[in-house]
Amino acid sequence: MKLRVGIISDTHGLLRPEALRALAGSDHIVHAGDIGAGEILDQLRDFAPVTAVRGNNDTAAWARAIPDSAVLRVGEISIYVLHALKALSVDSARAGHRVVVSGHSHRPLVIEREGVLYVNPGSAGPRRFSLPIAIAHLDIDGMRVHARIVQLETASKGTRL
C-alpha cells in the first residue's frame, strides 16, 4: 500500500496556503519544530493525523506538551523526528529507523547514509535570507521510501498565527 507523509518545518507562526495545498492528500503530516503557534497544528490536523516535535523557538505554554522527539511508524517504515539534527543521540540504523526527519537549518536536504534517509524539508514559514520556502513529501511503498523537496511558489504572505 502506497502512503504519503507530508513534512513541514520552521513555520514560525506562518502557515502559507501554498504549504497547505502541497500537503493536501497526505496520509500523515510531520512538523519538525519551530511551529510558532498551536493553531498551525490544528489546521494541519484538518488534512491528516499530525506528529509534531518542539523546536528551540517553541517556548510558549501551548508547546510544553509537544515532545522534543518522536518515533512514528507509517506502513512498514519507522521514522524518527527531531528539530535539530545535531541533537540526534541515537544510532538510527541500529535502532531500525529508515527515515530521520529534522528541521532547524531552514535548508532543504535529502541524503541517505548507511541505509537511513535524512530529510529536512527546509522552512515553510517566513523567508530567511535567500533560502527557498519548501516542504517535503515522503512516499512509502512497503519498505521502499522516496523523499523529495517541494519548493513552494509563494505569491501570498500567508496567515501569521
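The values are calculated or read from the model by the stated rules, or taken from the named source; none is laboratory data. Fair warning: this is a prediction, and the values are worked out from it, not measured in the lab. Cβ placement follows ideal geometry from the backbone for every residue including glycine, while neighbour counts extend to all protein chains displayed.
From the set of residues in segment 24-49 that are more than 27 Å from Glu76 (Cα to Cα) and among the hydrophobic types (A, V, I, L, M, F, W, C), which is surrounded by the most Cβ atoms within 10 Å (Cβ to Cβ)?
Among them, the one singled out is Ile35.
Does Thr11 count as modelled with pLDDT of 95 or more and in a loop (DSSP other than H, G, I, E, B)? Steps first, please.
On the way: modelled with pLDDT of 95 or more: yes; in a loop (DSSP other than H, G, I, E, B): yes.
So Thr11 fits the description; yes.
When the residues of segment 112-131 are filtered to those that are within 15 Å of the chain's Cα centre (by Cα) and surrounded by fewer than 21 Cβ atoms within 10 Å (Cβ to Cβ), which remaining residue is nearest to Lys86 (Cα to Cα)? Spell out how you get there, then give the answer.
Let us first name the residues in segment 112-131 that are within 15 Å of the chain's Cα centre (by Cα), namely 117-125.
Now restrict to residues that are surrounded by fewer than 21 Cβ atoms within 10 Å (Cβ to Cβ): 117-118.
Numbers: Leu117: 15, Tyr118: 12 Å.
Ranking the candidates gives Tyr118 first.
Output yes when any residue across segment 139-151 is within 23 Å of Gly38 (Cβ to Cβ), more than 12 Å from the chain's Cα centre (by Cα) and in a strand (DSSP E or B), and no when none is.
To start, the set of residues in segment 139-151 that are within 23 Å of Gly38 (Cβ to Cβ) comprises none.
The answer is no; no qualifying residue exists.
State whether the residues of segment 103-121 include one that is under 15 Å from Ser9 (Cα atoms) and of a type in the set (Asp, Glu). Break it down stepwise before answering.
First pass over segment 103-121, keeping only residues under 15 Å from Ser9 (Cα atoms): 103-110, 118-121.
Going one step further and asking which of them are of a type in the set (Asp, Glu), we end up with none.
Checking segment 103-121: not a single residue is under 15 Å from Ser9 (Cα atoms) and of a type in the set (Asp, Glu).
Mind telling me which of the residues Val71, Val90 ends up being farther than 12 Å from Gly103 by Cα, β-branched (Val, Ile, Thr) and not in a loop (DSSP other than H, G, I, E, B)? If you could, list the steps in order and put the result at the bottom.
Numbers: Val90 fails: not in a loop (DSSP other than H, G, I, E, B).
Going through Val71, Val90 in turn, the sole match is Val71.
From the list Ile66, Ile79, which one is within 17 Å of Asn120 (Cβ to Cβ) and either at pLDDT 95 or above or not in a strand (DSSP E or B) (or both)?
On the way: Ile66 fails: within 17 Å of Asn120 (Cβ to Cβ).
One residue alone meets the criteria, Ile79.
Regarding segment 114-137, can at least one residue be identified that is among the β-branched types (Val, Ile, Thr), more than 24 Å from Glu18 (Cβ to Cβ), without any contact (Cβ under 8 Å) to a residue 60 or more places away in the chain and out of contact with any Gly (no Cβ under 8 Å at 6 or more places or on another chain)?
Within segment 114-137, one or more residues are among the β-branched types (Val, Ile, Thr), more than 24 Å from Glu18 (Cβ to Cβ), without any contact (Cβ under 8 Å) to a residue 60 or more places away in the chain and out of contact with any Gly (no Cβ under 8 Å at 6 or more places or on another chain).
Tell me which residues, restricted to segment 54-63, are within 18 Å of Leu14 (Cβ to Cβ) and either free of Cβ contacts under 8 Å to residues at least 12 places away in the same chain or assigned to a loop (DSSP other than H, G, I, E, B) (or both). Can you show your working first?
Initially, segment 54-63 is screened for residues within 18 Å of Leu14 (Cβ to Cβ), giving 54-60, 62-63.
Arg54, Gly55, Asn56, Asn57, Asp58, Thr59, Ala60, listed by residue number.
Kindly indicate which of Ile29, Ile35 is outside any loop (DSSP other than H, G, I, E, B), under 18 Å from Gly122 (Cα atoms) and touching a helix residue (DSSP H, G or I) at 6+ places or on another chain (Cβ under 9 Å).
On the way: Ile35 fails: outside any loop (DSSP other than H, G, I, E, B).
Going through Ile29, Ile35 in turn, just one is outside any loop (DSSP other than H, G, I, E, B), under 18 Å from Gly122 (Cα atoms) and touching a helix residue (DSSP H, G or I) at 6+ places or on another chain (Cβ under 9 Å): Ile29.
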